[in-house]
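A short worksheet on the structure shown next.
Taken together, the values in this text are just the output of simple stated rules run on the coordinates, not laboratory data. These numbers come from a predicted model, not from an experiment. Positions of Cβ are generated from backbone atoms using ideal geometry, with glycine treated the same way; all protein chains shown enter the neighbour counts.
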Amino acid sequence: MKATKNTRNMFDLFCHNISDAFIKKGRIDSEDREIFAYGISRLIVNAIMIVVFTIIGLFFRHLLEIYVFLLFFIPLRKFAGGFHCESFVTCSVASCLCVISPIVINTYIDYIPAFFAMWIISGAIIIGLSPIQDHRKKLSAEESLVYRKRTILIFFFSCITCIIAYILRQYVIFKVIIEVFGIVGLLLVCGYIKNAVKK
């Protein structure tokens, strides 16, 4: 635990050093230091995770499912919000489990009506609850409205893609997109419960 904390501190220091370098060059204002450092950390972490996910996809020989999942999950998750892990390690492990889940589900579940049921239930949750904010990222009323509109727009676009995939009998893509809805819906419910408990 101590080693993990030290690694995290070193990583934060690295990101802040990059932020300070940009401030010295006049690229950003000093008051934006924390925001810029956070953005750098997210960029690095996301790049590392994409590499890890690609390796997972190659290892299991399901690279298509991984990339389709990420393509639809990342934007929907970004604006819908939901449950967030408190530590970097648990977040990384949870992310890997989310990405692996389509491979497992597609391997063992092939009952299409079950996916339609998941689509309806998770869709109702996404439309009904989003966005669910995290205590580390509070949203104003205006931001919340923007996030909600973008969530619904992304969900609608994903549904259209899902319908096209089903018509063209691209059932792998069809199922993965619905699995994205299911996971985002689950994260929204967990985030809603977490926020309610903290109140």
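Remarks
- Each eigenvalue of the Cα gyration tensor of segment 142-193, multiplied by 5 and square-rooted, gives one semi-axis; in descending order these are 25, 15, 5 Å.
- With N as its number of residues, the chain has a Cα radius of gyration that, divided by 2.2 N^0.38 Å, comes to 1.13.
- For segment 96-199, the Rg and Dmax computed from alpha carbons only, in angstrom: 15.0, 47
- Segment 1-61, relative contact order [Cα under 8 Å, separation at least 6], %: 30
- Residue among 67, 171, 38 with the largest mean-square fluctuation in a Gaussian network model of the chain, springs linking Cα atoms under 10 Å: 38
- Trypsin sites (Lys or Arg not before Pro) lying in DSSP loop within segment 31-87, provided at most 16 other Cβ fall within 10 Å: 61
- Taken along the Cα-to-beta-carbon direction at a fixed 7 Å, the label points for residue 43 and residue 89 span 2.8 nm.
- CD proxy at 222 nm, helix term only [per DSSP H run n ≥ 4: -39500 (n - 2.57); per residue of the chain; nearest 500]: -29000 deg cm²/dmol
- Length-normalised contact order of the chain in % [C-alpha pairs under 8 Å, at least 6 apart]: 28
- Residue list for segment 171-197, given a label point 7 angstrom along the Cα-to-Cβ vector of residue 56 and an amide N cut-off under 16 Å: 176-177, 179-184, 187
- Hydrodynamic radius by Kirkwood, which averages 1/r over all alpha carbon pairs of segment 1-61, in angstrom: 13.1
- When only Cα pairs below 8 angstrom with a gap of at least 6 residues are kept, segment 119-199 shows a relative contact order of 51 percent.
- Max mean-square fluctuation residue, GNM over the chain, Cα-Cα springs under 10 Å, options 86, 31, 179: 31
- Pairs exceeding 23 Å between alpha-carbon atoms, taken from 78/175; 138/175; 25/78; 138/198; 24/138; 175/198: 138/175; 25/78; 24/138; 175/198.
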